[in-house]
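The values are calculated or read from the model by the stated rules, or taken from the named source; none is laboratory data. Note that the structure is a prediction, hence the values are computed from the model and not measured. All Cβ positions, even for glycine, are placed from backbone atoms using ideal geometry, and neighbour counts span all protein chains on display.
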Amino acid sequence: MGDNKEEFKAGIMDRKRSPNRLVVDEATNDDNSVIALSMAKMEELQLFRGDTVLIKGKKGHDTVCVVLQDETVDDNNVRMNKVVRKNLRVRLGDVVGIHTCGDVPYGKRIHVLPIDDTIEGVTGNLFDVYLKPYFVEAYRPVKKGDLFLVRQAMHPVEFKVVETEPAPYCIVAPDTIIHCEGEPVRREDEEKMDEVGYDDIGGCRRQMAQIREMIELPLRHPTLFKTLGVKPPRGVLLYGPPGSGKTLIARAVANETGAFFFLINGPEIMSKMAGESESNLRKAFEEAEKNAPAIIFIDEIDSIAPKREKTNGEVERRIVSQLLTLMDGLK
């Protein structure tokens with residue numbers, strides 16, 4: 001087991017030293033769809049001008065862009081504009097990973113919606129005024145979940161890529177159908193969880209190191225665990241006084257790994273209706289399974305699952321049994 005752990009750490013360190021990990025620099029070309037590398041770096045990564053690459057940022061976020069050559073950029077840097085940085089959840093000076101995409105397919109259709117606070121006072125057809133000029137003959141790569149900014153008619157409008165076919169990314173070609181029907185995306189829905197990351201947690205360094213080793217590494221590098229024959233933990237118990245950061249840590253791990261986060265408040269799941277509490281638990285686990293990889297965070301678990309021998313009522317016993325059954329079925 002000790003040797004396996006050392007091999008695992010060595011594998012992670014090799015990834016960190018990879019030549020495709022570059023420092024984010026300010027773009028000279030304000031284009032949402034491109035990044036710029038030096039000629040030497042493009043040759044090292046075996047990339048050609050116009051190739052589509054996958055860029056991996058923080059909190060499990062990634063995006064696709066066209067790579068261009070820029071002789072003014074340092075060999076260890078990558079230039080990208082504010083929109084690309086926002087999609088990657090990175091700032092200037094952060095490190096990102098650049099990966100080849102292979103042949104990115106042309107999209108059959110994409111669905112995009114505007115962000116509500118950017119269309120206030122906008123008149124005219126969004127497709128004709130903004131989307132058509134932005135995409136026509138540009139062959140832009142797009143990824144589901146990304147935001148992009150279109151500067152037209154003296155009024156910039158921000159859009160979100162809601163769906164792509166094929167998923168998760170494609171190139172918008174002349175034959176790609178662009179849908180923009182539907183309710184605008186609320187800004188609050190976009191920002192409600194994105195800002196929570198490891199940088200937001202003060203202290204807890206030892207605990208964070210343990211949690212990242214137990215949760216983040218299996219989520220990010222599952223094949224490495226399978227290769228080494230190491231079984232990752234399926235459950236972690238966080239305990240501490242109220243306000244010590246238990247929920248914040250769980251949200252940060254979910255954001256940094258890109259995992260689906262499902263919060264269950266223990267007292268709220270209890271119901272007087274027979275069987276309803278167990279049903280609520282099953283629905284939560286089913287939802288997480290559909291959106292795997294996922295993190296289910298049960299707050300105040302002692303309210304729904306005290307020690308089995310200390311449960312007084314039949315309802316509590318059924319809930320504890322249901323929870324144990326569901327946890328045994330985790331993969």
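Restricting the search to the range 64-87, which residues are charged (D, E, K, R), without any contact (Cβ under 8 Å) to a residue 60 or more places away in the chain and more than 24 Å from GLY102 (Cβ to Cβ)?
Initially, the range 64-87 is screened for residues charged (D, E, K, R), giving 70-71, 74-75, 79, 82, 85-86.
Those still in the list that are without any contact (Cβ under 8 Å) to a residue 60 or more places away in the chain too: 70-71, 74-75, 79, 82.
Residues satisfying the conditions are GLU71, ASP74, ASP75, LYS82.
When the range 114-137 is examined, which residues are found to be in contact with a Lys or Arg (Cβ under 8 Å, 6 or more places away or on another chain) and surrounded by fewer than 20 Cβ atoms within 10 Å (Cβ to Cβ)?
Selection gives ILE115, ASP116, ASP117.
Condition (residue is at pLDDT 80 or above and surrounded by 13 or more Cβ atoms within 10 Å (Cβ to Cβ)) applied to the range 301-314: is it met by at least one residue?
Among the residues of the range 301-314, at least one is at pLDDT 80 or above and surrounded by 13 or more Cβ atoms within 10 Å (Cβ to Cβ), which makes the answer yes.
Here are ALA252, ALA288: which of them is in contact with a helix residue (DSSP H, G or I) (Cβ under 9 Å, 6 or more places away or on another chain) and either under 16 Å from PRO306 (Cα atoms) or surrounded by 15 or more Cβ atoms within 10 Å (Cβ to Cβ) (or both)? Lay out the reasoning, then the answer.
Details: ALA288 fails: in contact with a helix residue (DSSP H, G or I) (Cβ under 9 Å, 6 or more places away or on another chain).
Within the list ALA252, ALA288, the selection yields ALA252.
Identify, by number, the condition in (1) surrounded by fewer than 18 Cβ atoms within 10 Å (Cβ to Cβ); (2) under 23 Å from the mean Cα position of the chain (by Cα) that HIS179 doesn't meet.
Of the numbered conditions (1) surrounded by fewer than 18 Cβ atoms within 10 Å (Cβ to Cβ); (2) under 23 Å from the mean Cα position of the chain (by Cα), the odd one out for HIS179 is (2).
Would you call ASP75 of a type in the set (Asp, Glu) and exposed (fewer than 15 other Cβ atoms within 10 Å of the Cβ)? Steps first, please.
Working: of a type in the set (Asp, Glu): yes; exposed (fewer than 15 other Cβ atoms within 10 Å of the Cβ): yes.
Yes: the conditions hold for ASP75.
For the range 212-247, give me each residue that is aliphatic (A, V, I, L, M) and closer than 21 Å to ASN291 by Cβ. Steps first, please.
Of the residues in the range 212-247, the ones aliphatic (A, V, I, L, M) are 214-215, 217, 219, 224, 228, 230, 236-238.
If the condition is that a residue be aliphatic (A, V, I, L, M) and closer than 21 Å to ASN291 by Cβ, then MET214, ILE215, LEU217, LEU219, VAL236 are the ones that fit.
Does TYR169 satisfy the condition of being in contact (Cβ under 8 Å) with a residue 40 or more places away in the chain, in contact with a Cys (Cβ under 9 Å, 6 or more places away or on another chain) and hydroxyl-bearing (Ser, Thr, Tyr)?
Against the criterion (in contact (Cβ under 8 Å) with a residue 40 or more places away in the chain, in contact with a Cys (Cβ under 9 Å, 6 or more places away or on another chain) and hydroxyl-bearing (Ser, Thr, Tyr)), TYR169 qualifies.
Out of the range 36-52, which residues are part of a strand (DSSP E or B) and under 30 Å from LEU217 (Cβ atoms)? Write out each step before concluding.
Restricting attention to the range 36-52, the residues satisfying the condition of being part of a strand (DSSP E or B) are 36-37, 52.
Scanning the range 36-52 gives LEU37, THR52.
Is there a residue being over 24 Å from LYS160 (Cα atoms), out of contact with any helix residue (DSSP H, G or I) (no Cβ under 7 Å at 6 or more places or on another chain), at pLDDT 95 or above and in a helix (DSSP H, G or I) anywhere in the range 75-83?
no
Only one of PRO141, PRO105 is crowded, with 21+ Cβ neighbours inside 10 Å, of a type outside the set (S, T, N, Q), within 25 Å of ILE177 (Cβ to Cβ) and at pLDDT 90 or above. Can you tell me which?
Values: PRO105 fails: crowded, with 21+ Cβ neighbours inside 10 Å.
Just a single option satisfies the conditions, and that option is PRO141.
Within the range 245-274, work out how many residues are free of Cβ contacts under 8 Å to residues at least 40 places away in the same chain and not aliphatic (A, V, I, L, M).
Qualifying residue count for the region: 8.
Please enumerate the residues belonging to the range 53-64 that are within 17 Å of the chain's Cα centre (by Cα) and outside any loop (DSSP other than H, G, I, E, B).
First pass over the range 53-64, keeping only residues within 17 Å of the chain's Cα centre (by Cα): 54-64.
Residues satisfying the conditions are LEU54, ILE55, LYS56, ASP62, THR63, VAL64.
Of (1) within 25 Å of the chain's Cα centre (by Cα); (2) within 26 Å of ARG187 (Cα to Cα); (3) touching a residue at least 40 places away in the same chain (Cβ under 8 Å); (4) surrounded by fewer than 18 Cβ atoms within 10 Å (Cβ to Cβ), VAL157 satisfies all except one. Which?
Of (1) within 25 Å of the chain's Cα centre (by Cα); (2) within 26 Å of ARG187 (Cα to Cα); (3) touching a residue at least 40 places away in the same chain (Cβ under 8 Å); (4) surrounded by fewer than 18 Cβ atoms within 10 Å (Cβ to Cβ), only one is false for VAL157: (4).
Within the range 23-46, restricting attention to residues that are surrounded by 20 or more Cβ atoms within 10 Å (Cβ to Cβ) and modelled with pLDDT under 95, which residue is nearest to VAL142 (Cα to Cα)?
ASN32
Kindly list the number of the only condition in (1) basic (Lys, Arg); (2) surrounded by 12 or more Cβ atoms within 10 Å (Cβ to Cβ); (3) free of Cβ contacts under 8 Å to residues at least 60 places away in the same chain that fails for ARG205.
(2)
Which one of LEU92, LEU68 is closer than 28 Å to LYS160 by Cβ and part of a loop (DSSP other than H, G, I, E, B)? Working first, answer last.
Working: LEU68 fails: part of a loop (DSSP other than H, G, I, E, B).
Exactly one of LEU92, LEU68 is closer than 28 Å to LYS160 by Cβ and part of a loop (DSSP other than H, G, I, E, B), namely LEU92.
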